[in-house]
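For reference, the structure is listed below as C-alpha cells.
The values are calculated or read from the model by the stated rules, or taken from the named source; none is laboratory data. Only a predicted model underlies this, so the values are computations on that prediction, with no experimental measurement involved. Cβ: placed from backbone, ideal geometry, glycine included. Neighbour counts: every protein chain shown. Areas reflect the complete protein model, heavy atoms only, side chains present, ligands, DNA and RNA absent. Shrake-Rupley method; radii C 1.70, N 1.55, O 1.52, S 1.80 Å.
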Amino acid sequence: MAKIWESTSLHLDLLRSKVVAVVGYGNQGRAQALNLRDRGIDVRIGNPADVYATKAGDDGFVVRGVQDAVDGADLTLLLVPDEIQPNLYETQLVSVLSPGQTLVFASGYNVAFGYIKPPPELDVVLVAPRMIGKGVRELLLQGKGFPVLVGVANNATGKALDTALALAAAIGADLPGGCAIESSFKEEAIIDLFTEHTWAPATVFLMKMCCEMLIEAGVSPEAAILETYASGELGEIGRAMAELGLVGQMRLHSRTSQFGHLLWGSRYVTESVRVIMREALQKIEDGTFAEMWRREQEQGLAQFEAMWQDLLAEPIFDHEERLYKRLGRRSSRDSSRVEEPD
Ligand code: NDP
C-alpha cells in the first residue's frame, strides 16, 4: 500500500521562512503561486517578459527574469511545459541552482526518462497535484483540498520528503478533501502517460465514432453531438464517479440506463483492446514513447501538426462547427490553437 498523508497530518510550517521561486506562470504556475502567496509564503515569479509575465504583474507579483528569480531562492518550482524544461534547465537553471536548494517538479517526465539529470547536491522532489491548475486555485478559494502525489529523486539535505509534504500542504493538500500520496518520478510519469495513451483518447475517439454512427443511422448531427458530449453530462458523470465510485455513479441513472450499461459494458473490454494498451504501456515503460516525442519536437512537430489537421478535416467537425456557432461556443477547430492565459 502506498503511504497516504491525510489533510490533517500535513503542515506547511517548514516553508514559513523560505523563499519560493515559481518559474512559469501558466496553468499550474499561476495557481500554485497565488495559493502559496495566500498561505503567507514568500513567492517570486520568474518568467520571460511576455503575456504570462503581464498576467503575473496584474496579479500583483513583481516578475523577474528566470535566473534572477531562482538565484538565492530556497525552492524552485519548475512549472513550464515538460517539453520546454530540459532546455530551460540547461541554459538558465544549472548555473544558478546551488547546493541545498530544492528543485520541484509537478510532473515526473523529464527526470524519469533522463532528460534532466540534476546533481546530487540538490534536493529534487515531485509535488504533482492530481488537479488542473484552475481546480488547484478554485478549490483553495473554496477552502477545499485535492490529492497530490509526492516523490523524492535526490535527498541531499535529508529533508527532501518533508519539504515536498510541506509544499503539498501549502498549495492546498492540507485542506478538507486533500491528501498527499507517496509516489515516485517514474510512477507519476507512467500513470500520467498511460492515461493519456489509453482510456482518455479511447473515450474521445469512441465518442466521435458514436456521433458518426448515429448520423449514419439518420439522427440529426445536432442531436447526436449534444447527446454524446456537448451537453456537459460527461462532466457531471465524472464528478459523480469521484464521489460515488466508478460504477456507483450508475445508480444515478435510470434503471433502463443501468440495465444497458450492465448488458453491454464488459463486451467492449476485448483482448484486442488489452493488446493495444499493453503495447502502449510497454512503449511508455521502456522510454520508446518519450524518445518518439523528443524526435518529433526536434523535427519541428511536422507529424503532430499533420495529425491535427487530418483530424479536424473530418466531416464530423463541420457539424460540430455549425452547431457550436449557433450555441455561441468555440468549436474544436477554433479551440485547437488557443494557448493564452485566461
Ligand atoms: P503551461 O503551458 O501552462 O506553462 C506556461 C508557462 O510556461 C508560461 O508562464 C510560459 O511563459 C512558460 N514558458 C514556456 N516556455 C518558456 C521558456 N522557454 N522559458 C520560460 N518560461 C517558459 O504549463 P502547465 O502549467 O500546464 O505545466 C507546468 C508543469 O505542471 C508541467 O510539468 C506539467 O506536466 C505539470 N502539470 C500540469 C497540470 C495541468 O493542469 N496543466 C497538472 C499537473 C501537473 P512564456 O511562454 O510566456 O514564456
So Ile45, is it part of a strand (DSSP E or B), in contact (Cβ under 8 Å) with a residue 12 or more places away in the chain and within 13 Å of the ligand (Cβ to nearest atom): yes
Anything in the range 10-31 that is closer than 15 Å to Val104 by Cβ and near the ligand (Cβ under 10 Å from one of its atoms)? List them, or say none. Val22, Val23, Gly24, Gln28, Gly29, Ala31
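So which of Val96, Val111, Val136 ends up being outside any strand (DSSP E or B), hydrophobic (A, V, I, L, M, F, W, C) and within 9 Å of the ligand (Cβ to nearest atom)?
Numbers: Val96 fails: within 9 Å of the ligand (Cβ to nearest atom); Val111 fails: within 9 Å of the ligand (Cβ to nearest atom).
Matching residue, one of Val96, Val111, Val136: Val136.
Listed here are the residues, each with its yes/no results for (1) open to solvent by 30 Å² or more (accessible area, probe 1.4 Å); (2) polar (S, T, N, Q); (3) away from the ligand (no atom under 11 Å from the Cβ); (4) in a loop (DSSP other than H, G, I, E, B).
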residue: Ala33; (1), (2), (3), (4): no, no, no, no
residue: Ala53; (1), (2), (3), (4): no, no, no, no
residue: Gln67; (1), (2), (3), (4): yes, yes, no, no
residue: Ala73; (1), (2), (3), (4): no, no, yes, yes
residue: Leu77; (1), (2), (3), (4): no, no, no, no
residue: Asp82; (1), (2), (3), (4): yes, no, no, yes
residue: Thr91; (1), (2), (3), (4): yes, yes, no, no
Could you list all residues from the range 207-239 that are within 24 Å of Arg130 (Cβ to Cβ), assigned to a helix (DSSP H, G or I) and not β-branched (Val, Ile, Thr)? Met207, Tyr229, Glu233, Leu234, Gly235, Glu236, Gly238, Arg239
Considering the range 139-178 alone, what residues qualify as being more than 16 Å from the ligand (Cβ to nearest atom), part of a loop (DSSP other than H, G, I, E, B) and in contact (Cβ under 8 Å) with a residue 12 or more places away in the chain? Gly143, Lys144, Asn155, Ala156, Thr157, Lys159, Asp174, Leu175, Pro176, Gly177
Could you check the range 251-260 and list, in sequence order, the residues that are free of Cβ contacts under 8 Å to residues at least 12 places away in the same chain and either in a helix (DSSP H, G or I) or of a type in the set (A, V, I, L, M) (or both)? Arg251, Arg255, Thr256, Ser257, Gln258, Phe259, Gly260
